[in-house]
1. Can you pull out the residues in region 257-275 that are within 18 Å of residue 112 (Cβ to Cβ) and modelled with pLDDT of 90 or more?
2. If a residue must be touching a helix residue (DSSP H, G or I) at 6+ places or on another chain (Cβ under 8 Å), closer than 19 Å to residue 206 by Cβ and without any contact (Cβ under 8 Å) to a residue 24 or more places away in the chain, how many such residues does region 259-292 contain?
3. Would you confirm whether any residue within region 312-321 is within 15 Å of residue 206 (Cα to Cα) and surrounded by fewer than 17 Cβ atoms within 10 Å (Cβ to Cβ)?
4. Among the residues of region 1-26 satisfying the criterion of being crowded, with 16+ Cβ neighbours inside 10 Å and more than 26 Å from residue 295 (Cα to Cα), which is farthest from the chain's Cα centre (by Cα)?
5. Any residue at all in region 43-56 that is over 21 Å from residue 248 (Cα atoms), part of a helix (DSSP H, G or I) and without any contact (Cβ under 8 Å) to a residue 24 or more places away in the chain?
6. Among the residues that make up region 232-243, is at least one of them without any contact (Cβ under 8 Å) to a residue 60 or more places away in the chain and under 24 Å from the mean Cα position of the chain (by Cα)?
7. Looking at (1) in contact with a helix residue (DSSP H, G or I) (Cβ under 9 Å, 6 or more places away or on another chain); (2) in a strand (DSSP E or B); (3) closer than 19 Å to residue 28 by Cβ, which one does residue 107 not meet, given that it meets all the others?
8. Just for region 220-239: of the residues that are surrounded by fewer than 15 Cβ atoms within 10 Å (Cβ to Cβ) and in contact with a helix residue (DSSP H, G or I) (Cβ under 8 Å, 6 or more places away or on another chain), which one is nearest to residue 252 (Cα to Cα)?
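The values are calculated or read from the model by the stated rules, or taken from the named source; none is laboratory data. These numbers come from a predicted model, not from an experiment. Cβ coordinates were reconstructed from backbone atoms using ideal geometry, including for glycine residues, and neighbour counts include every protein chain displayed.
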C-alpha cells in the first residue's frame with residue numbers, strides 16, 4: 001500500500017496579503033520536497049477557486065517541485081475536469097511527467113465546490129454531461145497522439161496532434177469520487193483507478209460502493225489488479241494522540257463550520273470530532289501507531305486499498321507542525337503500513 005499526502009494550500013486570516021501567500025506557497029514546496037526525502041509515496045495538490053485556498057493552478061505548484069524531488073509521485077487532488085479543457089489538462093500533466101521523469105498522475109473529478117462553473121463560463125445544470133464528455137475526451141487524448149472527436153460542450157477535434165506526450169504510457173488517470181453509485185460504476189466500466197474521498201462517517205459504509213466498482217470493472221473485462229482503490233481522508237499525526245487532536249481540532253472545526261454555513265450544516269463540536277477519531281471513524285488523527293492501525297482497518301473494511309492519502313491542510317496548521325507530521329508519516333506510519 002502507498003501512503004500519500006494531499007494539500008489544498010489553505011491560507012489563514014492573513015490570506016489577502018500577497019507576500020504572505022508567497023510564503024505559504026514556498027512552505028508548501030518545502031513540505032513536498034521533505035515528504036520525498038522521508039519516504040512518502042505521493043503528494044497531491046487540489047484545485048479550488050476560493051479565497052482561502054492557493055491551489056487554483058496545481059500543476060504550477062507541482063512543476064515547481066518536480067526538479068527538486070526524486071521518487072515521490074506528483075498528482076492533482078482533484079483536477080476539476082468539468083470546468084477545464086481536457087487538451088490543456090493533458091498537456092499540463094504530460095509536461096509535468098517529462099519534468100519529473102515519469103512521476104505525474106491525474107486524479108479527475110467534479111469537485112466539491114461550484115465556483116469553477118460560472119468562473120469558466122459553464123452552466124451548473126450541465127454538471128453531469130460536462131464531466132462525462134470531458135472524461136471521454138481526456139482518455140481519448142491519452143491513448144491517441146492525433147484525435148478525432150466531437151461532443152456537445154467543446155469544439156470538435158479533427159485529427160489534431162496533442163503534444164507533448166508523457167514518459168508514462170499510459171499516463172495514470174484516477175477517478176476521484178464522493179458517494180454516488182454512478183461514479184463508482186463509471187470508474188469500474190472504464191477500468192480507472194478509484195480515489196474515494198471519505199471525510200466523515202465510517203469508511204466501512206463505502207464497502208457496497210467499492211464492491212460495485214469492482215463488479216463493474218470485472219464485468220467490463222478488467223483484471224482485479226487493474227481496479228485499484230485509494231482513499232483520501234482527513235488526517236494528522238503527532239507524537240501523542242492528545243497533541244494530534246488538540247493541534248488539529250481548532251482549524252478543522254473552523255473550516256467545516258464555515259462550509260457548513262453555506263450548506264446548512266450545524267457547527268462542528270469537539271464531541272463529534274472525537275467520535276470521528278475513534279476506531280471506526282473517518283479521521284486519521286493520532287499518534288503514528290494508532291494511525292497505522294486505523295489505516296489497516298480502513299483497508300480491511302473496504303476489501304483492500306492501494307493508497308491512503310492524508311489531507312492535513314484543511315486545518316490551517318503552521319508550517320512547523322505540518323513538517324513534523326510529514327516526518328512522522330514518512331518515518332513511522334509508512335513503514336508500519338507496508
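1. 257, 268
2. Of the residues in region 259-292, 1 are touching a helix residue (DSSP H, G or I) at 6+ places or on another chain (Cβ under 8 Å), closer than 19 Å to residue 206 by Cβ and without any contact (Cβ under 8 Å) to a residue 24 or more places away in the chain.
3. No, there is no match, as no residue in region 312-321 is within 15 Å of residue 206 (Cα to Cα) and surrounded by fewer than 17 Cβ atoms within 10 Å (Cβ to Cβ).
4. Residues of region 1-26 crowded, with 16+ Cβ neighbours inside 10 Å: 1-11, 15, 24-25.
If we keep only those that are more than 26 Å from residue 295 (Cα to Cα) too, we end up with 11, 15, 24-25.
Values: 11: 18, 15: 23, 24: 19, 25: 18 Å.
The selected residue is 15.
5. Checked region 43-56: no residue is over 21 Å from residue 248 (Cα atoms), part of a helix (DSSP H, G or I) and without any contact (Cβ under 8 Å) to a residue 24 or more places away in the chain.
6. So far as region 232-243 goes, no, none of its residues is without any contact (Cβ under 8 Å) to a residue 60 or more places away in the chain and under 24 Å from the mean Cα position of the chain (by Cα).
7. Of (1) in contact with a helix residue (DSSP H, G or I) (Cβ under 9 Å, 6 or more places away or on another chain); (2) in a strand (DSSP E or B); (3) closer than 19 Å to residue 28 by Cβ, only one is false for residue 107: (1).
8. So, considering only residues that are surrounded by fewer than 15 Cβ atoms within 10 Å (Cβ to Cβ) and in contact with a helix residue (DSSP H, G or I) (Cβ under 8 Å, 6 or more places away or on another chain), the one nearest to residue 252 (Cα to Cα) is 239.
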